[in-house]
Structure formats: structure tokens, C-alpha cells
Amino acid sequence: MSALAAGTTPTLDPASQAWLKQLRREGPVREAAIGRLHALLLTEARHEVRRRTAGLAHPSGRDLDDLATQAADDALVAILAKLDQFRGDALFTTWARRFATVEVPGEIRRRLGHTREAPTDADCGRPEHAAADDLEERIEVREFARSVGRVIASDLTPHQRQVLLSLTIEETSAKALAAQLHSTPGALYKTLHDARRKLREGVAPLR
């Protein structure tokens, strides 16, 4: 009878045990493990983003990479909060990759669901419609940008605002920012996750 059929917890493989041990420790060992885990999640998220957006017309590489980064950030936060739920039914890395795979579709819907794709050949036959759509889109984007700015200024804490702008706009590395703020990359990822959640909640009614 298998371990699962008997209702017992499978024995963890050595690699999975090492991951859990390092992620549950404090200090440099944990932060190094978090860095490796984030890199693993980012690789998986990028692969999933490319797979799911292959049919889009002229997707922006930078936008898609940022989308993958957001998915990896959110997946990391979820994994760290659910370490006790890992039972060893699969390798820890396999289990972790699933979080990135689950996060990507939601990020794609949030990022691309309200964005008009590049015009196709069929659009070129209706220039007056294309011009009207372009103007409407520019107005919508301008209003959305203003709304995001208001949320950043009024809804985020000063720390959340600094972390969000440093990591996403100024492209400061998590390690460098952590040293600057006397924090840790893991704590910054959690702050970034919370800031993005506030942004989504603040602008959702406008979309």
C-alpha cells in the first residue's frame, strides 16, 4: 500500500528537505535560498508567459518580462506563506513552479485584458475606426496613469511607495535595495506584493 493510500506523509527527498530547512532559517542562509527560489520562479514564469502570449500581435518584450517578474514575486510570497502545506507528493521545485504557472494567467488578464492588441490586416481596411480607437485608447491610458499615480501617492505607505518605485521603475536590484534600507530581499518582495495588491484594488473600479 502506498504512503498516500495509507494516509501517511511521503518521505521527503533530500533536495526538498534542504529547501525547506534553508527557507525556514533566519539570516543569510534563508535570503540566499529565497534568491534561488525567486530565480527558479522567474524562469518558470517567463516560459509560461511566452507560451501563453505567443499568439499576440507584437507583444512588448519588456512588458512581458515585467509581467513574468510580477508573477514570480506573487508566487514567491504565496510559497513562503504555505511552506507547511508542502507534503512531498512531488519535488519541492516542481511544487514551487506550479505557483508561478498559476500566477501567470491572472497577471496576463490584468495586464493585457484591457489593452488593445496591435492592429491586424483587417483593421487597416477601416482607418476611421482605427483612428477613433487610437484616440479613445490614449485617453483611457492617460486617465489610468493618473489614477495609478493617485493611488501610489495616497494609498501606499512611504515604505511601500519607495520599494515599488525602486524595484519596478528605477530597476534597482532587490539585494541592493535591501542593503540600502537595512532590510532583506524577502521582506521587500512581501512589501512589493502588498503594494501591487493596493494598486490593483485602487484602480480596479476604474477599468
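At-a-glance table
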{"item": "Members of the stretch 22-37 that are part of a helix (DSSP H, G or I) and out of contact with any helix residue (DSSP H, G or I) (no Cβ under 8 Å at 6 or more places or on another chain)", "result": "Pro28, Arg36"}
{"item": "Extreme residue, modelled with the lowest pLDDT, among residues of the stretch 55-70 that are under 19 Å from the mean Cα position of the chain (by Cα) and of a type in the set (A, V, I, L, M, F, W, C)", "result": "Leu64"}
{"item": "Cross-chain or 6+ apart pairs with Cβ under 7 Å, the stretch 5-33 first and more than 20 Å from Ala174 (Cα to Cα) and surrounded by 13 or more Cβ atoms within 10 Å (Cβ to Cβ), then aromatic (Phe, Trp, Tyr) and modelled with pLDDT of 90 or more", "result": "Ser16/Phe92; Trp19/Phe92; Leu20/Phe86; Leu20/Phe92"}
{"item": "Any hit, the stretch 35-52, residues being over 21 Å from Ala174 (Cα atoms), among the hydrophobic types (A, V, I, L, M, F, W, C) and either at pLDDT below 90 or not assigned by TED's automatic domain parsing to the domain that holds Tyr189 (or both)", "result": "yes"}
{"item": "Count of the stretch 66-106 residues which are surrounded by 16 or more Cβ atoms within 10 Å (Cβ to Cβ) and not in a helix (DSSP H, G or I)", "result": "2"}
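The values are calculated or read from the model by the stated rules, or taken from the named source; none is laboratory data. These numbers come from a predicted model, not from an experiment. Ideal geometry is used to build each Cβ from the backbone, glycine not excepted, and the neighbour counts take in all protein chains shown.
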